[in-house]
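What follows is one structure encoded as structure tokens, with my remarks underneath.
The values are calculated or read from the model by the stated rules, or taken from the named source; none is laboratory data. Everything numeric here is computed off the predicted structure, so don't read it as measured data. A quick note on method: Cβ atoms are made from the backbone with ideal geometry, for glycine too, and the neighbour counts reach across all protein chains shown.
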Amino acid sequence: MSSSHRSVLIVGCGYRGRRLAQRLIAMGHTVRGLSRKEANLPKLKALGIEPRLGDVLDPHSLRGIGTGIDTVYHLMGSMQGSPEQLEQLHIKGTRNLLSALEGVSLKRYVYESSTAVYGQTDGEWLDEDAPRDPASAMGKLRVAVENLLMEAHRLSSLPVVIFRPASIYRPQGVINEKIASGTYRLTWDPDKVMNRIYIDDFLELLALALEKGRVGEAYNLSDDEPQRGGDYVNAIADLMGVAHPPIDFKAPADACAELVKQSNKRVRNAKVKRDFGYTLKFPTYREGLAESARVKWIEPEI
Ligand SMILES: NC(=O)c1ccc[n+]([C@@H]2O[C@H](COP(=O)([O-])OP(=O)(O)OC[C@H]3O[C@@H](n4cnc5c(N)ncnc54)[C@H](OP(=O)(O)O)[C@@H]3O)[C@@H](O)[C@H]2O)c1
């Protein structure tokens, strides 16, 4: 892909942010990465990222964060914490970030939202115009942040592009490790329909957003084939040559499983394919899982 040089700020340089940074740097772009933890800064520096200490909940720490920046990726988030803490992080954190970026001339502000914004539970097909009325706390927060950013787009021309990724799956996810060790329990109805996108397609689309996509628009990021959640889990077990995980509705459910319980929908991806001119490298979970098995369910530590 050819694109002019960009100076990128990644807010949320965790698993996905660091891998996105690697791609952008390989494309010749400059990347600054924010972290709250001093101990993380050498790791970012070793990847060629300009490290920057800061916390979106501390406005003073964000001073000057946008100096020289023309593109922002807003990936920060957490699945942990009380409802109040998560609200602070998403709502107050977004407001603080926007204030810190006032006066910065941006070409793109890419926000990683989620398909959790859709509350539909009857397995229906939906596109980006479907009602956003989620029951889950995470879905509600994502809707609120999308609304804040769209307001900034209308009032101050923030060049926002919103991505709504489905469940991002990858070789070394926690669920894979539990399936391999025989400790995974299906705490949700295996017939529920789920949507997924493989990590490589997700990162590729994020990188393409430097140039592609229309500002003020939201894009679902999902592969071509919504699937029964149980089929996906059993396919992993088959590839690993281990037993299918048992169903146990009483077993403790993590934050992701709680989200799955509140969901049952089929997400369309036609808009992102059209506007980004993108062909999925992993069009269904079968290709993505085959790739995960090929790399032996291991990802390089970065
Ligand atoms: N669609 C999907 O399948 C999917 C998959 C995974 C995650 N997610 C979403 O991504 C979010 C985080 O995922 P994760 O738990 O896996 O963590 P992660 O990838 O490690 O990323 C979390 C990032 O957010 C940053 N962050 C958190 N609080 C911050 C703050 N106050 N100020 C600045 N940066 C802050 C962290 O930075 P430092 O710790 O370096 O400060 C970290 O880089 C969640 O909201 C989750 O919904 C979605």
Practice problem: Given the conditions (1) over 24 Å from residue 154 (Cβ atoms); (2) loosely packed, with under 13 Cβ neighbours inside 10 Å; (3) at pLDDT 95 or above, report the number of the one that residue 88 does not fulfil. | Solution: (2)
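Quick check, is residue 34 outside any helix (DSSP H, G or I), within 13 Å of the ligand (Cβ to nearest atom) and in contact with a Pro (Cβ under 9 Å, 6 or more places away or on another chain)?
Answer is yes for this residue.
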Practice problem: Would you mention how many residues in segment 62-73 are out of contact with any helix residue (DSSP H, G or I) (no Cβ under 9 Å at 6 or more places or on another chain) and either within 13 Å of the ligand (Cβ to nearest atom) or charged (D, E, K, R) (or both)? | Solution: 1
Quiz item: Among all residue pairs at least 6 apart or on different chains, which show Cβ distances below 7 Å where the first residue, located in segment 92-104, is at negative phi and the second is of a type in the set (Val, Ile, Thr)?
Solution: 93/56; 94/145; 96/56; 97/11; 97/56; 100/65; 101/72; 104/69
Quiz item: Since residue 121 meets every condition but one in (1) within 14 Å of the ligand (Cβ to nearest atom); (2) more than 19 Å from residue 214 (Cβ to Cβ), which condition does it not meet?
Solution: (1)
Exercise. Tally the residues that are in contact with a helix residue (DSSP H, G or I) (Cβ under 8 Å, 6 or more places away or on another chain), more than 13 Å from residue 35 (Cβ to Cβ), at pLDDT 95 or above and outside any strand (DSSP E or B), restricting the search to segment 1-18.
Key: 2
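For the structure I just gave you, tell me whether residue 171 is more than 23 Å from residue 215 (Cα to Cα) and touching a helix residue (DSSP H, G or I) at 6+ places or on another chain (Cβ under 7 Å).
Details: more than 23 Å from residue 215 (Cα to Cα): yes; touching a helix residue (DSSP H, G or I) at 6+ places or on another chain (Cβ under 7 Å): yes.
Judged against the criteria, residue 171 is a match.
So how many residues does segment 175-185 have that are assigned to a loop (DSSP other than H, G, I, E, B), in contact (Cβ under 8 Å) with a residue 60 or more places away in the chain and under 25 Å from residue 262 (Cβ atoms)?
2
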Quiz prompt | Subset of segment 153-181 that is crowded, with 18+ Cβ neighbours inside 10 Å and among the aliphatic types (A, V, I, L, M) - its residue that is nearest to the ligand (Cβ to nearest atom) | solution = 168
